[in-house]
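Encoded as structure tokens, the structure appears first; notes follow it.
The values are calculated or read from the model by the stated rules, or taken from the named source; none is laboratory data. As the structure is a prediction and not an experimental result, all values here were calculated from the model. Counting neighbours? That spans all protein chains shown, and the Cβs are built from the backbone with ideal geometry, glycine included. In case anyone asks, the SASA skips ligands and DNA or RNA and just uses the protein heavy atoms, side chains included. Shrake-Rupley method; radii C 1.70, N 1.55, O 1.52, S 1.80 Å.
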Amino acid sequence: DAGVIQSPRHEVTEMGQEVTLRCKPISGHDYLFWYRQTMMRGLELLIYFNNNVPIDDSGMPEDRFSAKMPNASFSTLKIQPSEPRDSAVYFCASSTGPPSSYNEQFFGPGTRLTVL
Amino acid sequence: GIQVEQSPPDLILQEGANSTLRCNFSDSVNNLQWFHQNPWGQLINLFYIPSGTKQNGRLSATTVATERYSLLYISSSQTTDSGVYFCAVLTTSGTYKYIFGTGTRLKVLA
């Protein structure tokens, strides 16, 4: 298996632009997680899905952020409009089961976003 | 919400040395995991350890849930151990999700 795939790996954009990050989970994994990593706040869970349905989006920072999972093999995280404080590494992870029991989360390589 | 703190924040070792990383958490947790983030940014699970002790090669981990801490031991460190080590605890406030600690940045010198 190719593992969790994220694209793009690097994104540089200007403030006010729309940014779309993409994730393909491991085939057969029913759970998908979006995390953000910054120096100031560390690793934070933004949202996670089960069978394409959002389960917990309490970590989404504000209305500028939205995430979708139209099918089992694809998810997007969109920021519109982007701001410099959104600069971070965004990770996608997937697992076969819920966090409530031991199900290893496999992380993608991350997307490094820079908003100028 | 639950607080997860790790110590030390930074650690420099000579190759071959041993080290202990600590994770303290402020409330009862259902489980705990240790992750390694290598210098290229990749996050890899090391241990799932809600309680007790586990070992995997040169790494071992112990969690004392009643005292709200976990320890990660690295023996005979190698340069490939460099990176950031995170613990993450499962909170049951609302839905189940992991809260990550602040991390310990380890550098192993050849």
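Of all residues assigned to the range A:69-84, none qualifies as being over 14 Å from the mean Cα position of the chain (by Cα) and modelled with pLDDT under 90.
Is it fair to say residue A:105 is out of contact with any helix residue (DSSP H, G or I) (no Cβ under 8 Å at 6 or more places or on another chain), under 28 Å from residue B:49 (Cα atoms), polar (S, T, N, Q) and open to solvent by less than 20 Å² (accessible area, probe 1.4 Å)? When the stated conditions are applied, residue A:105 passes them.
Within the range B:26-49, which residues are open to solvent by 30 Å² or more (accessible area, probe 1.4 Å) and free of Cβ contacts under 8 Å to residues at least 40 places away in the same chain? Reasoning before the result, please.
Just the residues of the range B:26-49 that are open to solvent by 30 Å² or more (accessible area, probe 1.4 Å), to begin with: B:26-28, B:30, B:38-40, B:42, B:44, B:46, B:48.
Hits for the range B:26-49 are B:40, B:42, B:44, B:46, B:48.
Would you say residue A:112 is away from chain B (no Cβ under 14 Å) and open to solvent by 60 Å² or more (accessible area, probe 1.4 Å)?
On the way: away from chain B (no Cβ under 14 Å): no; open to solvent by 60 Å² or more (accessible area, probe 1.4 Å): yes.
Considered against the rule, which asks whether it is away from chain B (no Cβ under 14 Å) and open to solvent by 60 Å² or more (accessible area, probe 1.4 Å), residue A:112 comes out as no.
Give, as residue ranges, the strands (runs of 3 or more DSSP E) completely inside the range A:17-85 that count at least 1 residues that are away from chain B (no Cβ under 14 Å) and open to solvent by 50 Å² or more (accessible area, probe 1.4 Å).
Details: elements: A:19-24, A:31-38, A:42-50, A:53-56, A:65-71, A:74-79.
Hits in the range A:17-85: A:19-24, A:65-71, A:74-79.
Taking the range B:2-110 as the region of interest, the strands (runs of 3 or more DSSP E) fully inside it that hold 1 or more residues being closer than 23 Å to residue A:88 by Cβ, within 11 Å of chain A (Cβ to nearest Cβ) and out of contact with any Leu (no Cβ under 6 Å at 6 or more places or on another chain) are B:4-7, B:32-37, B:43-48, B:83-91, B:97-100. Of everything listed in (1) more than 11 Å from the chain's Cα centre (by Cα); (2) within 12 Å of another protein chain (Cβ to nearest Cβ), the single unmet condition for residue A:93 is (1). Of the candidates B:40, B:34, the single residue that is within 10 Å of the chain's Cα centre (by Cα) and of a type in the set (A, V, I, L, M, F, W, C) is B:34.
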